[in-house]
Structures are given as C-alpha cells and as structure tokens.
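Just below is one structure, and these are the notes that go with it.
The values are calculated or read from the model by the stated rules, or taken from the named source; none is laboratory data. Everything numeric in this text was worked out from a predicted model, so none of it was measured. Cβ sites come from the backbone with ideal geometry, for glycine too, and all protein chains shown count toward neighbours.
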C-alpha cells in the first residue's frame, strides 16, 4: 500500500477536496470530493481495493457528516474505477454515474487480465510489473455504473449544482470532467496529467485539444488533474500545446511515409535535442502511443499495435525496457 505521506487529501476550498497520490505516475491517480449539505459526491476511485479503502478512511472526518451519495467515474481506465465496489457496494446507498461511452468501455480491460499479466513469469509479466507491480488486481471486482448519460448532466449535491460534462472521446472513449461552478473548480480526470505526458488511447487528438479549450472556457481557479499535483489552467494550456505539436509532427511524418514507430523514435530524439520542451514530463515514452493514434486517425487502414507492443515501445523510448 502507498505510504500515506505520498497520498493525502487536500482541502482546495469551498467544500472541494482532492486526493493526490505520489507523483501521479502510472496507476497513481487522483480522486475528489465535493461536499454539500449533508451529502457528498466522490470523483473516481483508485486502482485497487486497498488504496481505495485507505482513501475513504482518510476522508472520514469530512464524510462522517456528509456521506457519499454519488460516485462519478470520469473515464474507463481501471485506476479511476477499480475501487468502485469498495466505495459503492451493490445495493448500497451510493449511486455510480458515468458517461454511456465510459460504461461501455469499462469491461474491455478488466482486473482479471491485469492480474494475469502481473503474475506472468515471462518477459511480458516483467514488463507489466515494471509499470503496475505495486497494485493488487486479484482483489478487484468490477462495479459498473447505475446511471449513464451523454453530453451533460447536472447533479444536486446537498443544495449545490455539480455539472458533469462529457468531452471525450479523447484520452478514452467517454472522458468526463466534473465542474463545480460555485467553487471555481474542475476535476479533469485524465484529460490532464499534471507533470505527466498525456496518452491518447482513443483520440482523435483534435477532440482532446477541443476538450482543453472547453476546460479553459470554464475559467476555474483550481484544476484537479487525474494524475499529479493540483494545477491551474496553465497546465491545461501546456497539455494542449503538446497535443498540437504531436498531431502536427506525426502528420508530417505520415506524409513522408515514415513508419509510426520510427516516427515516434525520431520525434523523441528531436525533443531530446531541445531540452525543456515536454521532455521533462513523466512517462515521456507515451509519445509512441500518441504518434500511432495520429496515424490511425489519418488512415483507418493502419493496424494498431497490441497493448504489449505499445508498452514495450514506451519503455524503449524511456530506456526502461526490462531484460
């Protein structure tokens, strides 16, 4: 289990709280809490039962007087919903809400597969343990949403309005941000990795750029990212700049007939030769996934790499490939 000094709730003001884990690297996601009159709304759960239970226990001084009534999952990556069964047992008082696209995607990469990969004795298992070896997937049972929506949904949380806004597909198929207007706060899910590199599992990149613009238009004073420390809109603008650069650079490489993996390595070398521009972010190797996403958008006939190959490419760019 994570050291509690690395995972803690932060009071961001006006009844909003953010649970920030470590440096926000692979699997170390954030969660949020919006407190109203006698009830609360929880934004996301964590990657396994133990982490989620520790997070809920740490929130008890707040939720004792305002129990969680609604749980919103911002998207379908397991580090934002694998703890749902702990926070919202089936048949209990907590309603789980997500976009319809998110709900449809939640079963595609379940805890059973991740548990098997982490237990794999081969080089593939070694690779996945280098990313996810600290998490306990064998204890997780999927808890899917009770209620889904598309586009927008307003939720009353003890007399205050919370706006759920679907901005995907971008990072995943059904990305949602949680906007709390009276607190000038937005919980972005993984539409923002603060200090980390965005990863485009779904795309298109132009949708993610538009999502950044939508978040900026909300004009929040506080931005709670899906990973990393609390942020301001400057972090959103930086993520936008990165995505625009990747899209333009990968499009140029595609036009030149360069293979997507060769293009990713070429762009990684280009960034390495101009230090200070995006290369200082964590998980720099995600560039490989992002370049391939551009190629798939430009040409639907492009065969996407399997998940093992993608993780091998990311590790190779970062120089962390096991073996």
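Tabulated results
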| item | result |
| --- | --- |
| Lone unmet requirement of (1) modelled with pLDDT under 95; (2) over 19 Å from the mean Cα position of the chain (by Cα) for residue 307 | (2) |
| Strands (runs of 3 or more DSSP E) fully within segment 104-201 counting 3 or more residues that are over 17 Å from residue 46 (Cβ atoms) | 147-149, 152-157, 160-166, 176-180 |
| Qualifying residue in segment 162-176 (condition: in contact (Cβ under 8 Å) with a residue 12 or more places away in the chain and over 18 Å from the mean Cα position of the chain (by Cα)) | yes |
| Segment 203-226: number of residues that are buried (at least 22 other Cβ atoms within 10 Å of the Cβ) and under 17 Å from the mean Cα position of the chain (by Cα) | 10 |
| Residue within segment 85-106 that is more than 25 Å from residue 175 (Cα to Cα), surrounded by 20 or more Cβ atoms within 10 Å (Cβ to Cβ) and touching a residue at least 60 places away in the same chain (Cβ under 8 Å) present | no |
| Neighbours by Cβ (under 7 Å, 6+ apart or cross-chain): first from segment 7-34, at positive phi and without any contact (Cβ under 8 Å) to a residue 60 or more places away in the chain; second surrounded by 21 or more Cβ atoms within 10 Å (Cβ to Cβ) and part of a loop (DSSP other than H, G, I, E, B) | 22/28 |
| Out of 137, 187, sole residue that is surrounded by 15 or more Cβ atoms within 10 Å (Cβ to Cβ) and within 20 Å of residue 307 (Cα to Cα) | 137 |
| Which numbered condition residue 17 misses (of (1) within 28 Å of residue 286 (Cβ to Cβ); (2) in contact with a helix residue (DSSP H, G or I) (Cβ under 9 Å, 6 or more places away or on another chain)) | (1) |
| Residues of segment 233-244 satisfying the condition of being surrounded by 15 or more Cβ atoms within 10 Å (Cβ to Cβ) and under 17 Å from residue 279 (Cβ atoms) | 235, 238, 239, 242, 243, 244 |
| Output for segment 67-84, where each listed residue is assigned to a loop (DSSP other than H, G, I, E, B) and surrounded by fewer than 24 Cβ atoms within 10 Å (Cβ to Cβ) | 67 |
| Residue within segment 220-231 that is part of a helix (DSSP H, G or I) and in contact (Cβ under 8 Å) with a residue 24 or more places away in the chain present | no |
| Residue within segment 108-125 that is surrounded by 20 or more Cβ atoms within 10 Å (Cβ to Cβ) and within 16 Å of the chain's Cα centre (by Cα) present | no |
| Test: residue in segment 111-126 that is modelled with pLDDT of 95 or more and closer than 27 Å to residue 11 by Cβ | no |
| Scan of segment 266-290 for residues that are in contact (Cβ under 8 Å) with a residue 60 or more places away in the chain and out of contact with any helix residue (DSSP H, G or I) (no Cβ under 9 Å at 6 or more places or on another chain), ordered by number | 282 |
| Residue match in segment 43-64 (condition: in a loop (DSSP other than H, G, I, E, B) and farther than 23 Å from residue 191 by Cα) | yes |
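So that you can scan it fast, the table gives a plain yes or no per residue for (1) assigned to a helix (DSSP H, G or I); (2) surrounded by 15 or more Cβ atoms within 10 Å (Cβ to Cβ); (3) touching a strand residue (DSSP E or B) at 6+ places or on another chain (Cβ under 9 Å); (4) in contact (Cβ under 8 Å) with a residue 60 or more places away in the chain:
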| position | (1), (2), (3), (4) |
| --- | --- |
| 253 | yes, yes, no, no |
| 257 | no, no, no, no |
| 264 | yes, yes, no, no |
| 297 | yes, yes, no, yes |
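Rundown of residues vs (1) within 22 Å of the chain's Cα centre (by Cα); (2) farther than 30 Å from residue 8 by Cβ; (3) part of a helix (DSSP H, G or I), yes/no style:
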{"position": "237", "(1), (2), (3)": "yes, no, yes"}
{"position": "246", "(1), (2), (3)": "yes, yes, yes"}
{"position": "270", "(1), (2), (3)": "no, yes, yes"}
{"position": "287", "(1), (2), (3)": "yes, yes, yes"}
{"position": "294", "(1), (2), (3)": "yes, yes, yes"}
